[in-house]
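One structure, pasted below without further comment.
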Amino acid sequence: MSSSAKHLLSLERLAPETMRRILSATPSLKRDRGRAGERPLTGQTWALVFSKSSTRTRVSFEVGIRELGGQALFLSANDIQIGRGESIKDTARVLGRMIHGAVIRTYAQHDVEEFAFYAGVPTINALTDAEHPCQILTDVFTFEEKRGPIAGRTVAFLGDGACNVATSWVWAAAKLGFALHIAAPRPYQPSPDLLRRAGAQVRCFEDPTDAVTGADLLYTDVWVSMGKEAEATERLNLLKQYQLNSRLVAHAKPNVLVMHCLPAYRGNEIDTATFEANAQTIFDEAENRLHVQKAVLSWAVSPD
Ligand code: CP
Ligand code: NVA
């Protein structure tokens with residue numbers, strides 16, 4: 001129970017220097033992929049405990065763990081006793097005696113934190129309702145790979161500005177020193193409490209044109225996050241003016257990057273033409289999940 005294990009539970013709790021360390025370790029992992037290199041997970045078994053669907057996160061972690069010398073054990077939460085009501089605390093105390101690390105995708109942020117505490121092995125948040133830290137670390141990496149340092153730049157997020165992805169962007173802005181504009185209707189803007197705690201350069205806009213003007217990166221995410229399906233009709237109605245499309249792109253900087261964490265629902269949060277015009281960036285972003293998360297895993301098992 002508890003220990004000195006290193007966790008990536010949220011960007012809120014990740015020190016800026018650790019973010020920079022992970023981002024700096026990524027280029028060589030990307031460049032040298034497939035060549036004999038360090039295998040810091042040799043002899044280790046990592047469990048992926050997922051309560052929600054996933055394509056990118058699951059595959060990039062499974063492949064990344066194997067490429068670093070470890071074994072990946074995928075556990076759908078419904079197939080283990082969690083699905084029948086066994087507590088996170090007891091599950092963590094069992095798995096912590098058998099596995100060397102855990103990657104968790106679930107609903108409540110508290111569940112990931114409780115798992116990390118009771119398992120005592122490195123634990124990584126692979127998306128909760130509160131945050132998606134691995135995604136935003138990857139997005140920052142992808143921006144910097146193509147455009148140089150993100151500090152001092154402007155990122156505009158359009159859509160559900162209160163979702164997990166937007167919240168991780170708020171913390172990234174606070175810790176890495178860039179401006180974040182959030183274009184969303186009032187009910188989908190980040191809470192004043194979050195903005196106060198983050199103390200970041202975040203401005204919220206109801207008019208999407210104002211939000212994107214002069215931006216270096218335009219970013220969007222699904223309008224109906226996993227777990228919010230009951231609100232789909234209301235969300236689609238309220239968010240429809242916030243579609244990322246060519247009209248808005250024209251107001252950003254001329255060499256603006258357009259990114260999407262995927263999966264994309266064309267015709268909702270992004271139009272087909274804008275998605276396809278930026279597909280190279282968007283799928284580079286998806287690939288980079290693998291490289292950045294290998295840096296996260298390497299950091300998590302490193303002694304310092
Ligand atoms: N972007 C992302 O996390 O994708 P998955 O839900 O497919 O893992
Ligand atoms: N906000 C989305 C991200 C999906 C990768 C969700 O939680 O479903």
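The values are calculated or read from the model by the stated rules, or taken from the named source; none is laboratory data. Here the structure is a predicted model, which means the values were calculated and not measured. Using ideal geometry, Cβ is built from the backbone for each residue, glycine included, and neighbour counts are taken over all protein chains shown. Note: accessible area is taken over every heavy atom of the protein model, side chains too, but ligands, DNA and RNA are not part of it. Shrake-Rupley method; radii C 1.70, N 1.55, O 1.52, S 1.80 Å.
Number of Lys pairs in the chain with C-alpha atoms less than 29 angstrom apart, excluding same-chain neighbours closer than eight positions?
Lysine pairs satisfying the spacing and distance rule in the chain number 25.
Something else: Solvent-accessible area of D304, probe 1.4 Å, all protein chains present, reported in Å² to the nearest ten, please.
Accessible surface of D304 is approximately 120 Å².
While we're looking at this one, here's another question. So if R0 is 22 Å, what FRET efficiency would R186 and Y265 give, r being the distance between their Cβ atoms, rounded to the nearest 0.05? Numbers along the way, then the final one.
Numbers: r = 23 Å, r/R0 = 1.02.
The value I calculate is 0.45.
Now for a different question. Would you mind calculating the gained length between K228 and Q201 on full extension (0.36 nm times residue separation, minus the Cα-Cα distance), in nm to one decimal? Each step should come with its number before you reach the end.
On the way: separation 27, 0.36 × 27 = 9.72 nm, distance 2.80 nm.
That works out to 6.9 nm of additional length.
Here is a follow-up. With a Förster radius of 35 Å, plug the Cβ-Cβ distance of A15 and T55 into 1/(1 + (r/R0)^6) and report the FRET value to the nearest 0.05. Intermediate values should be presented prior to the final figure.
Numbers: r = 30 Å, r/R0 = 0.86.
Efficiency, from the Cβ-Cβ distance: 0.70.
Tilt of helix 109-119 relative to the longest C-alpha principal axis of the chain, in degrees (0 to 90, nearest 10)?
20 degrees
Give me the percent of accessible area attributable to carbon and sulfur for the chain, probe 1.4 angstrom. It would help to have the intermediate numbers written out before the result.
Values: 6430 of 12950 Å².
Looking at the chain in its full context, I get 50 percent from C and S.
Expressed as an acute angle from 0 to 90° and rounded to the nearest 10, what is the orientation of the C-alpha long axis of helix 56-67 relative to the principal long axis of the chain?
Computed tilt is about 40 degrees.
Specify the residue with the greatest mean-square fluctuation among T213, T106, T154, computed from a Gaussian network of the chain linking alpha-carbon atoms under 10 Å apart.
So, out of T213, T106, T154, the one fluctuating most is T213.
Using a 1.4 Å probe and counting only protein heavy atoms, arrange K175, K240, K89 so the residue with the most accessible area comes first.
Details: K175 50, K240 125, K89 70 Å².
Ranked list, largest accessible area first: K240, K89, K175.
Say each of E287 and F74 gets a label point 7 Å from the Cα, pointing the same way as Cα to Cβ; how far apart are those two points in nm?
Between E287 and F74, the simple spin-label model gives 2.2 nm.
Taking 7 Å along the Cα-to-C-beta vector as the label spot, tell me the A277-T213 distance in nanometres, rounded to one decimal.
Computed distance between label sites A277 and T213 equals 2.0 nm.
Looking at the chain only, what percent of DSSP beta bridges run antiparallel? Nearest 5 please.
On the way: 0 of 34 bridges.
The answer is about 0 percent antiparallel.
Next question, about the same structure. Find how much the distance from N237 to D193 grows on full extension, using 0.36 nm per residue of separation minus their present alpha carbon separation; answer in nm with one decimal. If you can, show how the numbers build up before the last one.
Working: separation 44, 0.36 × 44 = 15.84 nm, distance 2.60 nm.
Once the chain is fully extended between N237 and D193, it gains 13.2 nm.
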